[in-house]
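Read-outs throughout are calculated quantities, based only on the coordinates presented, and are distinct from any laboratory measurement. None of the values given here were measured: they were computed from a predicted structure. Cβ atoms come from the backbone with ideal geometry, glycine included; neighbour counts cover every protein chain shown.
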Amino acid sequence: MTDNKPARIPAILVLADGRTFRGYGFGATGTTLGEAVFTTAMTGYQETLTDPSYHRQIVVAAAPQIGNTGWNDEDNESHGNKIWVAGLVIRDLAQRVSNWRAERSLSEEMENQGIIGIRGIDTRTLVRHLRNYGSIAAGVFSGEAAERPVEELLAEVKGQPSMEGLDLSAEVSTNEPYTVPAEGEKKFTVVAYDMGVKTATPANFAKRGIETIVVPANTPYEEIKQYNPDGVFVSNGPGDPATADKMVVVVRDVLDARVPFFGICFGNQILGRALGLDTFKMKFGHRGINVPVRNHLTGKIDITSQNHGFAIASPSGKENPAGEEFDTDFGRGIVTHTCLNDNTIEGVALKDGMAYSVQYHPESAAGPHDANPLFNQFIELMTEHTPNK
């Protein structure tokens, strides 16, 4: 693969608070709008860009150099290999791809999919700004668009809808059910609600002998009963969980039916709401592959992969709800996990074990494998519930 010396196409990042950063465009050329957020991950940019949870977000990489491993067709995390980020903001774009698995460069893939990026800006200053003032509406303008008056660009940025109150799951979810078969002997059938599911999740199920039937978001529980699921899973995804009333009803129906339940990320927030808890928009969220979480049932600390801008509110209102128990319509609930950085809730469960969820991504794509045993926990739960299997 040849060196990829990028052209110096003028570009500008405009934040809704009036802050601007000038640099150079890469990938596609034009205009893109979204919510500016930052990720602390040093690796896994391909998995990040193809994660549906980043829909309508302009991702700022805190790591200074991006693109050195290029792009391959194996590590995409979206069904259909689609890039979901609205745009990408980086410091340095690698001029040479240095990985034997690479099939093309990051910039080439972004151009192929019409994704606009900006490079050459001071991302340290930008990340500090977002950390101090919170995630914010933004726009990336490159080429001729970058030559327009800043006042016009700022008005366009301010005119976009806020991420708070947006229902985005239907925009990223599958339109039709599809099946990911088990590897080897089939042990269980799991129905997975696609709120923006990453391909690594059903792959983890398949390795454990689980056949996964992926269904569209908001599919009524009555419709999935035809599959005779041994368990129900709700995936990660973008948007405000406060808008997901239909999925809350689905999960409550699952809990009423006493079917084993497992949720991650958006699925954690949905379970929280089904158990009677509220959710809220975080100041700048958790995005990266190095977030420490304590499991209050075991005392163990996991380093986790995360991507979310909303969280479950404390049952009692306490700043640190670690291990708190609370009443639900389905028995006693418990806060099982909290983040060691800010004490936000990272997991809830029913005390009888029939439902549990975590805010982070145990499929490890990209990220550490500390939380991967959560998939085994789901198998144990289904085995206990259906001992004949």
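Projecting the Cα atoms of VAL172, ASN295, SER162 onto the dipole axis of the chain, where Lys and Arg carry +1 and Asp and Glu carry -1 at the beta carbon, places ASN295 farthest toward the positive end.
Using 0.36 nm per residue, how much length does the chain from ALA155 to ILE303 gain when fully extended, once their Cα-Cα distance is taken away? Please list the in-between numbers first.
On the way: separation 148, 0.36 × 148 = 53.28 nm, distance 4.02 nm.
Here the segment from ALA155 to ILE303 would lengthen by 49.3 nm.
Given the Cα-Cα distance of LYS283 and ASP329 and 0.36 nm per residue of separation, how much length would full extension add, in nm? Write out the running numbers ahead of the final one.
Numbers: separation 46, 0.36 × 46 = 16.56 nm, distance 3.05 nm.
Length difference between fully extended and current span is 13.5 nm.
Pairs over the 21 Å Cα-Cα cut-off, from the set LYS283/LYS318; LYS186/LYS300; LYS187/LYS225; LYS281/LYS318; LYS225/LYS246: LYS186/LYS300. Simple rule: put +1 on each Lys or Arg Cβ and -1 on each Asp or Glu Cβ in the stretch 43-202, find the dipole, and look at ILE90, GLY70, THR201; the Cα lying farthest toward the positive end is ILE90. For the stretch 117-194, the average shadow cast by the Cα convex hull is 10.1 nm², which is a quarter of the hull's surface. In whole percents, the pair-distance distribution calculated for the chain from its alpha-carbon pairs, binned every 20 Å from zero, is 29, 56, 15, 0. Sum -39500 (n - 2.57) across every DSSP H segment of at least 4 residues in the chain, then divide by the residue count to get the 222 nm mean residue ellipticity, nearest 500. So the calculated ellipticity at 222 nm is -5500 deg cm²/dmol.
The three principal axes of the Cα atoms in the stretch 1-63 give end-to-end lengths of 40, 27, 20 Å, sorted in falling order. Directionally averaged projected area (the stretch 59-118, Cα convex hull): 4.0 nm².
Roughly how many debye, to the nearest 20, is the charge dipole of the chain about its Cα centre, given +1 on each Lys and Arg Cβ, -1 on each Asp and Glu Cβ, and no other charges? Could you put the intermediate results ahead of the total?
Numbers: 35 positive and 49 negative charges, 186 e Å.
Here the size comes out at about 900 debye.
Computed on the Cα atoms alone, the convex hull of the stretch 250-324 gives a volume of 112 cubic angstrom per residue. Out of every Cα-Cα pair that the stretch 255-389 contains, those further apart than 20 angstrom amount to 41 percent. Any idea what % of Cα-Cα pairs in the stretch 62-206 are farther than 27 Å? Roughly 41 percent, rounded to a whole number. Scanning the chain for GluC sites (Glu not before Pro) in DSSP loops with at most 15 other Cβ atoms within 10 Å, what's the longest stretch left with none? Result for the longest clean stretch: 186-318.
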